[in-house]
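**Q** What follows is a structure written as structure tokens; I'll ask about it next.
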Amino acid sequence: MADAGTGERAANGASRQPFAHLSAPNAPFYRDVLTTFARARDRFIVHMRPEDVSVDLGRPGDTEPVVAALEKLVEWGNLRADPDTSRVVTVEDFHRARYLYQLTVAGQAAEDAITVYEEAVGRKGALQSVALEDIATQLHALAEMAAAGPGRLDPAKVHLLLLALAERFTGLADNAQAFMASLRRVIDFADGNVDAFVAYKQRLIDYINRFIADLANRGAEIATLLGRIEAAGVDRLLVLAARREAADVVPDIPDGTDGTGSGATGNVTGSTVTDSNNSESAESAVRGAGGRPVIDADASAAYDAAAAASLADWRNRWRGLRDWFLSADSRHPSQARLLRGAAVTAITQLIDTVAALNERRSGRSDRSADFRALSRWFAEAPDDAAAHRLWRAAFGLTSARHLTVTQETLTAWEDDEPTPATPWRQAPPVRISPQLRRTGSYERRGQPNRVADRAGQRRFLQEQAAREAEEAAAARQRLATAGPVLLSGLDVLDRQAFRLFLGVLGDALAARLPGETEVKTTTSDGSMEIRLSLVPDGGTVAIETCDGVLHGPEHLVEIVDLTAARPGGAREAV
């Protein structure tokens, strides 16, 4: 009876504290024991004996600490102990306490929660360019389904495609958020290993630049596909997915008595048999005149409630996908545009951090580093006298520089040093240097310090700024068009012109509102103006660049260099 009571108390959760082991004195050992049960569950093993746990922990034969840990975990509600009667062959074996242990529901939930927490804390995230490509591919397939007639839609295919799209998009958004958070931590704690951070910086910048280019390219394609699907009627696709999910709803158990419960149970059972015998129950729910299976009133109400809740969830997901790639207006930019701005800001912060680190390594004064070194010296001071000397040396708390105390005064102070309570009038005088008394000044002899000549560094910075301005002007001149031209008509772009083109194209696509096919905007620095018009049925074009090939939908583009003086129009196109 006592053995059965142990397992029953654990199962009923009489003392359920599944997280108590985390703050216990022997917490690492408790975690190892519970991890052993989690790994056994992955191997489809339900029960474990103390000897099995000892072997998995790499300490066979040492079962006493394992048994003590198992008993504590049973007491906290993580494990359940059941009598082990499989190896009982004698009366002595029956009276000897032997147990089989398994995870309780609360213990399993605690393990899942700890696993999710550890994964979330240690997650670095990623900018998934492949996810953008997958989302575009899935939207292409969804757009083809949406273009089909209502009677030609397959609810199973629509539902599976929406599930895959939601899963891929959720992964993209979560990973992007985690990556930007980890990137901020990397920038904030760049002082840890300066050499490793400097070496890591260029690879990280190239990685972010590649994602920005993919986001500008794929983002425009995804935005176009979202517009096509919404124009064809996305709500009917969401209704199909919601009705298919609602077909598997579990009926509620009624609370009625006096035969009400049994009658409701009989109706539910009959409904279940009807659905199981009909292999196309979900499809009939969509294609039938009533839009639902033939079931009784109670099950019909449960089906309608589940379908409405599922439809609300799918509409919310679609809204999230739409808001991620499409801007509502200029005051509410899309999440893709915000992510692009955050990535550009992160690159700027990375460059600034590396510049600060290089300045610090080159020997320039850095106040924060100096104060940290000074605090370390104070911590290492052997006594208070040394700390006071360091304080005076660091903060200049010494005698006035224009006063020079003579040796006679110092000797008099050593012979008769006044106490701190001595009044000022009764203290011995301070005899200053005769030179200060005669001339009123006391200057140090010798030549003054030579002033460093910075003309070479200033000339280098001026030349670099002029060269960058010339390269930017040349790139604007190559991109400027004499009128509207097709994207496919652009020549091969060099690296500088291609980067400028990506920035201009990204600004135009981000400024285009949902449903619009034309947009006119200027760059953030006001140097260029772009007019972009989508070509109907233009297909996908390829633009050759020094960095590779840029693919995207065909557009009619006109780029104007606002900084150039042009009496008759813009310069010739590339």
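The values are calculated or read from the model by the stated rules, or taken from the named source; none is laboratory data. No experiment lies behind these values; they were computed from the predicted model shown. When we count neighbours, we look across all protein chains shown, and the Cβ atoms used for this are built from the backbone with ideal geometry, even at glycine. Heads up: the accessible areas ignore ligands, DNA and RNA and are worked out on the full protein's heavy atoms, side chains in. Shrake-Rupley method; radii C 1.70, N 1.55, O 1.52, S 1.80 Å.
**Q** For Val286, which of the numbered conditions (1) at pLDDT 65 or above; (2) open to solvent by less than 60 Å² (accessible area, probe 1.4 Å); (3) within 21 Å of Ile229 (Cα to Cα); (4) aliphatic (A, V, I, L, M) fails to hold?
**A** Tallying (1) at pLDDT 65 or above; (2) open to solvent by less than 60 Å² (accessible area, probe 1.4 Å); (3) within 21 Å of Ile229 (Cα to Cα); (4) aliphatic (A, V, I, L, M), Val286 fails exactly one: (1).
Conditions (1) at pLDDT 85 or above; (2) of a type in the set (A, V, I, L, M, F, W, C); (3) surrounded by 13 or more Cβ atoms within 10 Å (Cβ to Cβ), marked per residue:
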residue	(1), (2), (3)
Asp195	no, no, no
Val198	no, yes, yes
Ile212	no, yes, yes
Ala232	yes, yes, yes
Leu237	yes, yes, yes
Arg244	yes, no, yes
Asp252	no, no, yes
Asp255	no, no, no
Gly261	no, no, yes
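**Q** Could I ask something else about it? For Asp525, indicate whether it is closer than 22 Å to Glu221 by Cβ, open to solvent by 70 Å² or more (accessible area, probe 1.4 Å) and either modelled with pLDDT of 80 or more or part of a loop (DSSP other than H, G, I, E, B) (or both).
**A** The answer is no for Asp525.
**Q** Phe29: surrounded by 13 or more Cβ atoms within 10 Å (Cβ to Cβ), modelled with pLDDT of 90 or more, under 17 Å from Leu100 (Cα atoms) and within 35 Å of the chain's Cα centre (by Cα), yes or no?
**A** It is false that Phe29 is surrounded by 13 or more Cβ atoms within 10 Å (Cβ to Cβ), modelled with pLDDT of 90 or more, under 17 Å from Leu100 (Cα atoms) and within 35 Å of the chain's Cα centre (by Cα).
**Q** Can you find even one residue in the range 47-56 that is touching a helix residue (DSSP H, G or I) at 6+ places or on another chain (Cβ under 8 Å), part of a loop (DSSP other than H, G, I, E, B) and either closer than 20 Å to Pro28 by Cα or not hydroxyl-bearing (Ser, Thr, Tyr) (or both)?
**A** no
**Q** Condition check: open to solvent by less than 50 Å² (accessible area, probe 1.4 Å) and either under 17 Å from Gln108 (Cβ atoms) or aromatic (Phe, Trp, Tyr) (or both). Does Leu57 satisfy that?
**A** No.
**Q** Specify which of the listed residues (Arg454, Arg450, Arg478) is open to solvent by 60 Å² or more (accessible area, probe 1.4 Å) and within 30 Å of Gly538 (Cα to Cα).
**A** Arg478
**Q** State whether one or more residues within the range 494-513 are over 30 Å from Trp324 (Cα atoms) and either at pLDDT below 80 or open to solvent by 80 Å² or more (accessible area, probe 1.4 Å) (or both).
**A** Yes: the range 494-513 contains one or more residues that are over 30 Å from Trp324 (Cα atoms) and either at pLDDT below 80 or open to solvent by 80 Å² or more (accessible area, probe 1.4 Å) (or both).
**Q** Is there any pair with a first residue in the range 480-498 that is free of Cβ contacts under 8 Å to residues at least 40 places away in the same chain and a second that is of a type outside the set (Phe, Trp, Tyr) whose Cβ atoms are under 9 Å apart and which are 6 or more apart or on different chains, and what are they?
**A** These pairs meet every condition: Gln496/Glu471; Gln496/Ala472; Gln496/Ala474; Gln496/Ala475; Gln496/Arg478.
**Q** How many of the residues in the range 17-26 are in a helix (DSSP H, G or I) and either open to solvent by 20 Å² or more (accessible area, probe 1.4 Å) or acidic (Asp, Glu) (or both)?
**A** Qualifying residue count for the region: 3.
**Q** Now for a separate question. Looking at (1) modelled with pLDDT of 80 or more; (2) in contact with a Leu (Cβ under 8 Å, 6 or more places away or on another chain), find the lone condition where Ala307 falls short.
**A** (2)
**Q** Look through Asp323, Asp329 and report the one residue that is at pLDDT below 80 and acidic (Asp, Glu).
**A** Exactly one of Asp323, Asp329 is at pLDDT below 80 and acidic (Asp, Glu), namely Asp329.
**Q** I would also like to ask the following. Could you list, in sequence order, the residues of the range 540-559 that are surrounded by 14 or more Cβ atoms within 10 Å (Cβ to Cβ), outside any strand (DSSP E or B) and out of contact with any strand residue (DSSP E or B) (no Cβ under 6 Å at 6 or more places or on another chain)?
**A** Across the range 540-559, the qualifying residue is only Asp547.
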